[in-house]
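One structure is given here, and the rest of the page talks about it.
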Amino acid sequence: MDKIFDIREECGVFGVYGHAEAAKLTYLGLYALQHRGQEGAGICSSDGHTMYIEKAMGHVSEVFSEERLKRLPGHSAIGHNRYSTAGGSMLKNVQPIMANCMLGSISLAHNGNLTNAISLRRQLQEQGAIFQSNSDSEVILHLIAHASGSTAQEKIAEVAQVIEGAYSLLILLENELIAIRDPFGVRPLCLGQFNGAYVVASETCAFDLIGAAYVRDIEPGEMLTINDNGLHSVKAVDSFKRAHCVFEFIYFARPDSKIFGGLNVHSIRKKLGKRLAIETHVNADVVIPVPDSGVPSTLGYAEQSSLPFDFGLVRNHYVGRTFIEPKHSIRHFGVKIKLNPIKHVNEGKRVVIVDDSIVRGTTSKKIVKMVREVGAAKEVHVRISSPCTIGPCYYGINTPTRGELIAATHQIEEIRKYITADTLAYLSIEGLRSVLPNPDDYCYACFNKEYPIGFPQDNLIKSEPALV
Ligand code: AMP
């Protein structure tokens with residue numbers, strides 16, 4: 001039996017068509033999307049005849065040198081940032097992935113996760129397909145190569161009828177760039193314009209960096225072709241219900257981005273914090289964020305509760321991918337290297353700490369202890385700007401199996417004791433829905449286990465071994 005798919009992928013994609021410096025723009029786009037994946041990065045470019053690819057493990061700045069970018073000529077390019085994962089961390093899984101088929105050279109960058117990838121892969125293997133990676137994205141490439149249509153668009157539309165789950169996909173051919181998004185629109189994907197060229201990105205923060213203008217989102221189920229004739233859009237697969245990932249707003253996307261129809265992430269997070277303050281009031285002296293992701297909701301919390309906002313925890317932004325720990329272990333080294341309390345902000349105070357989510361509970365436990373012991377806070381109240389995380393994500397967010405999600409197996413009071421907070425409260429699902437303009441258009445499965453896209457049983461069992 002081959003190794004199971006790595007289901008824990010959240011990634012960033014960026015593409016350009018029609019610009020002399022396509023690879024450089026893609027490099028910058030990936031730079032802005034670094035938060036979506038830090039394990040590996042890659043760019044594939046095309047000069048209309050030949051495709052070039054460069055990829056490696058590491059951050060965008062580590063992977064690409066001036067020299068390496070020079071090896072990526074052409075007027076079109078796609079790029080990918082891959083999320084660090086448990087188990088699937090290897091060069092062969094870094095994207096874009098490139099192959100040659102009847103269409104010529106083709107490469108693909110995928111954000112999301114297919115829910116029927118295991119059975120599709122098995123079928124392909126029974127037909128003799130050979131795989132080089134564990135990624136579900138390679139399944140898509142094989143399916144395109146096997147599809148019966150004569151054009152890339154026909155083949156991709158055929159594949160869209162077969163693949164299930166979340167996909168925001170960029171596909172580069174020698175003379176065109178194709179963007180396609182799953183019918184539920186789970187992951188974001190937006191279209192922009194820059195100096196006569198078109199750009200496509202997971203989030204608009206990538207457009208801001210290069211000075212591109214946001215045009216619109218790629219619609220759920222839409223396949224958009226960009227070539228020398230301009231844009232050509234078709235509905236590749238019927239879209240009956242939207243299920244945008246609400247966790248993009250809570251944690252994943254960058255606050256300066258506009259996603260899911262142009263909604264600014266920062267302002268949604270701030271509203272979450274306001275609502276959290278209404279729902280979970282506590283008498284306190286100061287509100288502090290867990291930086292960085294907790295900052296916007298803390299601002300909202302402080303504003304709503306008329307409590308002073310302060311930076312009671314400082315984050316070291318320069319923590320690299322590797323560090324050398326001294327032999328004699330330092331208490332809470334892992335979290336201390338990232339965060340440290342400012343004593344005079346916390347000392348003797350009733351402190352509210354706001355974070356966006358609790359997954360395993362490890363971070364909150366360490367932070368509470370640190371704010372109480374090093375920060376000398378009198379009381380520590382933890383407020384979470386999302387509901388209890390009780391279900392793993394099968395659509396591409398890096399959440400662990402159900403057994404590891406503390407709220408899946410413990411009551412809030414038990415979690416409070418575990419993290420040693422004086423009080424602990426989460427935002428309600430209703431509260432979360434109340435800040436979204438079209439609340440029915442979102443997936444809340446990690447909070448209510450109502451999965452909008454089903455998954456075949458064998459895929460479920462393999463992707464969640466700890467399910468009990
Ligand atoms: P934990 O320590 O497992 O409870 O993780 C909670 C912390 O991880 C919070 O501070 C979140 O901001 C952060 N977080 C939440 N979701 C993710 C994710 N998918 N990847 C990385 N960090 C996350």
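General remarks:
- Annotation: Val319 fulfils all but one of (1) at pLDDT 85 or above; (2) within 16 Å of the ligand (Cβ to nearest atom); (3) in a loop (DSSP other than H, G, I, E, B); the unmet one is (1).
- Unique match (being in contact with a Ser or Thr (Cβ under 9 Å, 6 or more places away or on another chain) and crowded, with 22+ Cβ neighbours inside 10 Å) among Ile259, Ile268, Ile278: Ile259
- Among the residues of region 201-240, those that are under 19 Å from Arg187 (Cα atoms) and part of a loop (DSSP other than H, G, I, E, B) comprise Ser202, Glu203, Thr204, Ile218, Glu219, Pro220, Gly221, Ala236, Val237, Asp238, Ser239, Phe240.
- Spans of strands (runs of 3 or more DSSP E) in region 93-197 with at least 2 residues closer than 16 Å to Cys44 by Cα and either open to solvent by less than 20 Å² (accessible area, probe 1.4 Å) or assigned by TED's automatic domain parsing to the domain that holds Leu72 (or both): 97-101, 104-111, 168-173, 177-181
- Top-ranked residue in region 371-407 [being basic (Lys, Arg) and away from the ligand (no atom under 14 Å from the Cβ); ranked as most open to solvent (accessible area, probe 1.4 Å)]: Lys378
- Condition check for Val215: open to solvent by 10 Å² or more (accessible area, probe 1.4 Å), under 22 Å from the mean Cα position of the chain (by Cα) and hydrophobic (A, V, I, L, M, F, W, C): yes
- Subset of region 322-339 that is under 26 Å from the mean Cα position of the chain (by Cα) and more than 12 Å from the ligand (Cβ to nearest atom) - its residue that is modelled with the lowest pLDDT: Thr322
- Test: residue in region 201-208 that is within 16 Å of the ligand (Cβ to nearest atom) and at negative phi: yes
- Residue in region 351-358 that is open to solvent by 90 Å² or more (accessible area, probe 1.4 Å), modelled with pLDDT of 95 or more and not in a loop (DSSP other than H, G, I, E, B) present: no
- Checked against the criterion of being modelled with pLDDT of 95 or more, more than 13 Å from Pro387 (Cα to Cα) and not charged (D, E, K, R), the candidates Leu424, Leu436 yield just one match: Leu436.
- When Leu427 is tested against (1) of a type in the set (A, V, I, L, M); (2) open to solvent by 10 Å² or more (accessible area, probe 1.4 Å); (3) more than 13 Å from the ligand (Cβ to nearest atom), exactly one condition is not met: (2).
- For region 67-90, the set of residues classified as at pLDDT 95 or above, open to solvent by 30 Å² or more (accessible area, probe 1.4 Å) and either more than 18 Å from Leu177 (Cα to Cα) or in a strand (DSSP E or B) (or both) consists of Glu67, Arg68, Lys70, Arg71, listed by residue number.
- Verdict on Asp228 being over 21 Å from the mean Cα position of the chain (by Cα), in the same structural domain as Ile43 (by TED's automatic domain parsing) and surrounded by fewer than 23 Cβ atoms within 10 Å (Cβ to Cβ): yes
- Scanning region 359-401 for residues being more than 25 Å from the chain's Cα centre (by Cα), among the basic types (Lys, Arg) and not in a loop (DSSP other than H, G, I, E, B) gives a total of 2.
- The set of residues in region 347-363 being more than 18 Å from Phe247 (Cα to Cα) and either more than 6 Å from the ligand (Cβ to nearest atom) or charged (D, E, K, R) (or both) consists of Glu347, Gly348, Lys349, Arg350, Val351, Val352, Ile353.
- Residue ID - nearest to the ligand (Cβ to nearest atom), chosen from residues in region 411-424 that are within 19 Å of Val380 (Cβ to Cβ) and open to solvent by 50 Å² or more (accessible area, probe 1.4 Å): Tyr418
- Filter result (open to solvent by 10 Å² or more (accessible area, probe 1.4 Å) and more than 10 Å from the ligand (Cβ to nearest atom)) within region 288-301: Val295, Leu299
- Residue that is β-branched (Val, Ile, Thr), within 22 Å of Pro188 (Cα to Cα) and in contact (Cβ under 8 Å) with a residue 60 or more places away in the chain, where the choices are Ile453, Ile367: Ile453
- The residues in region 247-271 that are assigned by TED's automatic domain parsing to the domain that holds Gly294 and within 13 Å of the ligand (Cβ to nearest atom) can be counted, and the count is 1.
- Scope region 10-39; condition open to solvent by less than 20 Å² (accessible area, probe 1.4 Å), over 17 Å from Ser168 (Cα atoms) and within 16 Å of the ligand (Cβ to nearest atom); matching residues: Glu39
The values are calculated or read from the model by the stated rules, or taken from the named source; none is laboratory data. Remember, it's a predicted structure, so these values are computed and weren't measured experimentally. Neighbour counts are summed over all protein chains in view; Cβ atoms, including those assigned to glycine, are modelled from backbone coordinates with ideal geometry. In case anyone asks, the SASA skips ligands and DNA or RNA and just uses the protein heavy atoms, side chains included. Shrake-Rupley method; radii C 1.70, N 1.55, O 1.52, S 1.80 Å.
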